[in-house]
Amino acid sequence: MNFLQYKQGRLHADNVAIAELAKQYGTPLYVYSQSHIANQFMAYEQALSHRKHLVCYAVKANSNLAILSLLAKLGAGFDIVSQGELERVLKAGADPKKVVFSGVAKSVQEIERALTVGIKCFNVESEAELERINQIAEHLNKVANISLRINPDVDAKTHPYISTGLRENKFGISYQLAPAVYHKAAQLAHIQIVGIDCHIGSQLTELSPFIDAADRILALVAKLKADHITIQHIDFGGGLGVCYDDEVPPTPAALVKVLEERLDNYLRQNPDLNKDSIEILLEPGRSIVANAGALITQVEYTKHQEGNHFAIVDAGMNDLIRPALYDAWMKILAEKEPHIDDKMYSYNVVGPICESSDVLGKQRELSVAQDDLLVICSAGAYGFSMASHYNSHPRPAEVMLYETPTGQSKAKLIRAREALSDLWQGEIL
Ligand code: LLP
């Protein structure tokens with residue numbers, strides 16, 4: 001299902017003309033489809049509806065308050081990795097008891113705040129972190145709920161920068177060392193073991209790495225049980241890929257099915273456990289928001305020289321870093337529907353930033369002229385949330401498309417375009 005469609009030769013997002021959005025809000029502009037986000041989240045919810053579960057949206061994918069609030073209203077939990085993300089989800093109305101806290105470098109202040117508001121669980125990534133949490137909890141006279149994030153040493157078969165479950169990655173506690181760390185946790189007075197966690201990478205387009213990780217995690221759960229350490233939830237992480245080009249990633253339902261098969265198999269082998277003994281947690285980010293968003297940009301100039309054709313646009317790697325950082329391929333559509341008799345060139349779509357890596361798309365067959373609009377698809381995840389001020393460009397505005405009760409499609413500003421003065425906010429002459 002795509003929220004971008006041509007109608008009478010012009011590109012629309014959820015029935016709203018892209019040209020109208022650009023006119024009203026300016027460019028570069030992020031647009032999101034509320035219904036698409038809700039549908040993606042509900043795909044996870046429905047797949048898990050018959051058992052104890054919590055879908056914790058990974059806030060880093062897109063942390064706009066309007067998106068967090070929409071998901072909170074739909075019952076989402078949240079996977080956070082900083083106090084900033086914690087404050088965002090609280091501001092958006094989330095229940096702290098549905099928040100899990102991942103990340104390798106949790107500071108004293110972050111742990112204190114998370115304990116004070118009463119989050120569901122810390123996903124602990126090292127023995128040193130476990131000790132720090134215990135000390136802070138003691139100081140606050142509280143008991144911290146924890147999972148250990150296990151590094152299962154499986155190959156996620158994705159880009160190395162977004163692969164996290166290999167032995168050499170900084171994430172998690174090694175599979176081999178995990179039992180000893182669990183035993184240590186069991187001895188700490190201000191620590192309560194509640195779960196086990198893993199996250200092996202992002203943009204996974206096959207099920208096999210998820211299955212390998214699940215098998216390893218369940219083997220560990222069995223071992224811990226034999227040692228009288230009870231696990232109340234298993235967090236299988238996020239990572240389900242989306243279609244940027246021609247990938248055919250598994251659906252949330254297909255992912256849930258294979259995880260449930262493994263878990264049910266384990267439960268069957270343990271007759272003292274029932275279906276509700278172990279809650280399933282997931283931490284999807286990209287698969288909920290990526291294809292619900294797009295970045296609208298305007299062509300400033302075209303340049304044809306030495307056999308190269310450039311469409312120089314007003315959005316750059318400062319607004320959307322994925323192509324520059326990961327060599328990610330993202331679909332680019334012209335706002336005017338291409339015609340067979342249009343003069344097409346193979347364009348490099350490049351931004352304003354003074355870096356040769358500031359390319360949004362290489363060799364795209366397009367027919368464009370100055371002032372035309374282009375739309376970068378699948379930009380709802382890791383787009384705005386990774387945007388910066390590099391080269392002193394204010395960050396773009398963000399707009400949410402929604403349907404009124406009478407079925408009309410409307411746009412609402414959910415983040416104002418930054419002013420130039422925002423660029424030096426906090427700086428001192
Ligand atoms: N849980 C943890 C602990 C994570 O580190 C991540 C993502 C997720 C969940 C969500 O993964 P997802 O469902 O979105 O794949 N900036 C990169 C992606 C980095 C992912 C980092 N961790 C990109 O644009 O491709």
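The values are calculated or read from the model by the stated rules, or taken from the named source; none is laboratory data. Keep in mind that what you see is a predicted model, and the values were worked out from it rather than measured. With ideal geometry, Cβ positions are generated from the backbone for all residues, glycine too; neighbour counts draw on all protein chains shown.
Is it the case that some residue within the stretch 238-254 is surrounded by 19 or more Cβ atoms within 10 Å (Cβ to Cβ), part of a helix (DSSP H, G or I) and in contact with a Phe, Trp or Tyr (Cβ under 9 Å, 6 or more places away or on another chain)? So far as the stretch 238-254 goes, yes, one or more of its residues are surrounded by 19 or more Cβ atoms within 10 Å (Cβ to Cβ), part of a helix (DSSP H, G or I) and in contact with a Phe, Trp or Tyr (Cβ under 9 Å, 6 or more places away or on another chain).
In the stretch 300-320, the residue that is nearest to the ligand (Cβ to nearest atom) out of those that are surrounded by 20 or more Cβ atoms within 10 Å (Cβ to Cβ) and of a type in the set (A, V, I, L, M) is LEU320.
Tell me, which residue of the stretch 189-205 that is under 18 Å from the mean Cα position of the chain (by Cα) and over 9 Å from ALA156 (Cβ atoms) is farthest from the ligand (Cβ to nearest atom)?
THR205
For the stretch 102-125, a tally of residues being within 14 Å of the ligand (Cβ to nearest atom) and polar (S, T, N, Q) returns 2. Every condition in (1) within 29 Å of SER388 (Cβ to Cβ); (2) within 14 Å of the ligand (Cβ to nearest atom) holds for ALA22 except the one numbered (2).
Given the structure, is LEU366 closer than 23 Å to ALA17 by Cβ and in contact with a helix residue (DSSP H, G or I) (Cβ under 6 Å, 6 or more places away or on another chain)? No, not satisfied. For the stretch 56-101, a residue qualifies if it is more than 15 Å from the ligand (Cβ to nearest atom) and hydroxyl-bearing (Ser, Thr, Tyr), and exactly one does: SER69. Regarding SER378, is this residue surrounded by fewer than 14 Cβ atoms within 10 Å (Cβ to Cβ), within 16 Å of the ligand (Cβ to nearest atom) and closer than 22 Å to GLY293 by Cα? Answer is no for this residue. When ALA334 is tested against (1) crowded, with 16+ Cβ neighbours inside 10 Å; (2) touching a Phe, Trp or Tyr at 6+ places or on another chain (Cβ under 6 Å), just one condition goes unmet, and that condition is (2). Within the stretch 237-248, one or more residues are within 16 Å of the ligand (Cβ to nearest atom), closer than 30 Å to VAL16 by Cα, of a type in the set (Phe, Trp, Tyr) and at pLDDT 95 or above. If you filter the stretch 322-352 down to residues that are of a type in the set (D, E, K, R) and in a loop (DSSP other than H, G, I, E, B), you find that the one that is nearest to the ligand (Cβ to nearest atom) is ASP327. Applying the condition of being more than 16 Å from the ligand (Cβ to nearest atom), of a type in the set (A, V, I, L, M, F, W, C) and assigned to a helix (DSSP H, G or I) to the stretch 259-296 and asking which residue is surrounded by the most Cβ atoms within 10 Å (Cβ to Cβ) yields LEU263. Of the residues ALA178, ALA137, the single one that is over 29 Å from the mean Cα position of the chain (by Cα), modelled with pLDDT of 95 or more, buried (at least 21 other Cβ atoms within 10 Å of the Cβ) and away from the ligand (no atom under 14 Å from the Cβ) is ALA137. Of the residues making up the stretch 206-232, just one is surrounded by fewer than 21 Cβ atoms within 10 Å (Cβ to Cβ), within 15 Å of the ligand (Cβ to nearest atom) and farther than 30 Å from LEU360 by Cβ, namely LEU207.
Among the residues of the stretch 381-400, write down those that are outside any loop (DSSP other than H, G, I, E, B) and either surrounded by fewer than 21 Cβ atoms within 10 Å (Cβ to Cβ) or away from the ligand (no atom under 13 Å from the Cβ) (or both). Spell out how you get there, then give the answer.
From the stretch 381-400, those outside any loop (DSSP other than H, G, I, E, B) are 384-386, 397-400; that's our starting set.
Answer for the stretch 381-400, where residues must be outside any loop (DSSP other than H, G, I, E, B) and either surrounded by fewer than 21 Cβ atoms within 10 Å (Cβ to Cβ) or away from the ligand (no atom under 13 Å from the Cβ) (or both): SER385, MET386, ALA397, GLU398, VAL399, MET400.
Against the test of being within 29 Å of LYS7 (Cβ to Cβ), at pLDDT 95 or above and touching a Cys at 6+ places or on another chain (Cβ under 8 Å), the options LYS331, LYS336 yield a single qualifying residue, LYS331.
Quick grid of which residues meet (1) surrounded by fewer than 18 Cβ atoms within 10 Å (Cβ to Cβ); (2) in a strand (DSSP E or B):
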{"residue": "HIS12", "(1), (2)": "no, yes"}
{"residue": "LEU21", "(1), (2)": "no, no"}
{"residue": "VAL31", "(1), (2)": "no, yes"}
{"residue": "HIS36", "(1), (2)": "no, no"}
{"residue": "PHE41", "(1), (2)": "no, no"}
{"residue": "GLN46", "(1), (2)": "yes, no"}
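Suppose we filter GLU403, GLU418, GLU427, GLU355 for residues that are closer than 19 Å to LEU295 by Cα, away from the ligand (no atom under 16 Å from the Cβ) and not aliphatic (A, V, I, L, M); which single one remains? Walk me through how you get there before you give the answer.
Details: GLU403 fails: closer than 19 Å to LEU295 by Cα; GLU427 fails: closer than 19 Å to LEU295 by Cα; GLU355 fails: closer than 19 Å to LEU295 by Cα.
Result of the check over GLU403, GLU418, GLU427, GLU355: GLU418.
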